[in-house]
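Quick notes on the structure that follows.
The values are calculated or read from the model by the stated rules, or taken from the named source; none is laboratory data. As the structure is a prediction and not an experimental result, all values here were calculated from the model. Every residue, glycine as well, gets a Cβ built from its backbone with ideal geometry; the counts of neighbours run over all protein chains shown.
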Amino acid sequence: MGHDHYADLRYHSSHSVVGLPDTDVKFDFHNLFVAPGVTPNKGNNPGVAMFEISADGVPTNLQFEFMDLVPQVGQSSVSYSDLKFNSLKMSDYGVTSLTPEALSDFRKALEDDKDMALDYLTRKMGYDASSATETEMAYAIYEKKDLITNGKQKTGEFFCEMHFSLSPEEFDACSDSANNSAKESVETDDVFL
């Protein structure tokens with residue numbers, strides 16, 4: 001996908017990947033963590049990410065901290081004590097480690113719970129999901145990038161980006177049918193196509 005300004009978690013599966021053998025046993029690999037941008041130039045709130053590394057080398061306890069700029073719009077100056085910050089702890093969604101398997105489980109949980117998916121999509125942009133105004137600002141960014149649809153906020157294309165983005169062709173193939181069914185995607189063998 002190239003360069004990103006938005007916090008994200010992605011991973012891939014082993015089928016149909018150049019250089020990896022297609023076997024009957026699919027495995028998840030390539031856990032990818034994208035840190036948020038520290039500038040708001042793409043519409044997101046600026047943020048930083050923090051995580052720990054376990055003794056066996058696994059990234060754990062990921063959390064994001066964002067400066068909420070929305071309340072500051074129109075202010076000529078703001079003292080540090082008046083700044084608002086939005087936190088996103090991945091443990092809020094049951095994600096305690098950043099293994100490919102954990103990210104796969106997280107994707108499946110988001111697919112099964114649209115409200116949780118939309119909450120996560122809002123919060124990972126640094127916006128306050130309890131604010132209707134900030135939620136709409138986050139949705140507008142995704143709609144502009146064609147990762148959710150207008151009006152109904154279908155999230156299938158976001159899941160394509162999360163799981164099928166090794167190449168533009170893979171993402172396009174997934175996106176072609178991502179928002180078509182009631183579950184907003186077509187699943188085969190637990191993999192979006």
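Counting the residues of segment 38-61 that are at negative phi, touching a residue at least 24 places away in the same chain (Cβ under 8 Å) and assigned to a loop (DSSP other than H, G, I, E, B) gives 9. For segment 85-94, a tally of residues being in contact with a helix residue (DSSP H, G or I) (Cβ under 8 Å, 6 or more places away or on another chain) and either modelled with pLDDT under 95 or exposed (fewer than 14 other Cβ atoms within 10 Å of the Cβ) (or both) returns 1.
What number goes with the only condition from (1) touching a residue at least 12 places away in the same chain (Cβ under 8 Å); (2) closer than 14 Å to Asn44 by Cα; (3) part of a loop (DSSP other than H, G, I, E, B) that Phe64 does not pass? Among (1) touching a residue at least 12 places away in the same chain (Cβ under 8 Å); (2) closer than 14 Å to Asn44 by Cα; (3) part of a loop (DSSP other than H, G, I, E, B), Phe64 violates only (3).
Scanning segment 167-193 for residues that are aliphatic (A, V, I, L, M), modelled with pLDDT under 75 and either in contact with a Cys (Cβ under 9 Å, 6 or more places away or on another chain) or surrounded by 11 or more Cβ atoms within 10 Å (Cβ to Cβ) (or both) turns up Val186, Val191, Leu193. Looking across segment 3-44 at every residue that is aliphatic (A, V, I, L, M) and under 16 Å from Gln63 (Cα atoms), the one that is modelled with the lowest pLDDT is identified as Leu32. Scan segment 110-123 for residues that are modelled with pLDDT under 95 and among the basic types (Lys, Arg) and jot them down. Lys114 - this is the single residue of segment 110-123 that is modelled with pLDDT under 95 and among the basic types (Lys, Arg). In this structure, does Tyr127 turn out to be buried (at least 20 other Cβ atoms within 10 Å of the Cβ), over 12 Å from the mean Cα position of the chain (by Cα) and of a type outside the set (Asp, Glu)? Yes. Of all the numbered requirements in (1) under 15 Å from Glu134 (Cα atoms); (2) surrounded by 14 or more Cβ atoms within 10 Å (Cβ to Cβ); (3) at pLDDT below 90, Phe66 misses one, and that requirement is (3).
Only one of the numbered conditions (1) surrounded by 18 or more Cβ atoms within 10 Å (Cβ to Cβ); (2) over 28 Å from Phe171 (Cα atoms); (3) not aliphatic (A, V, I, L, M) is violated by Gln75, and that is (1).
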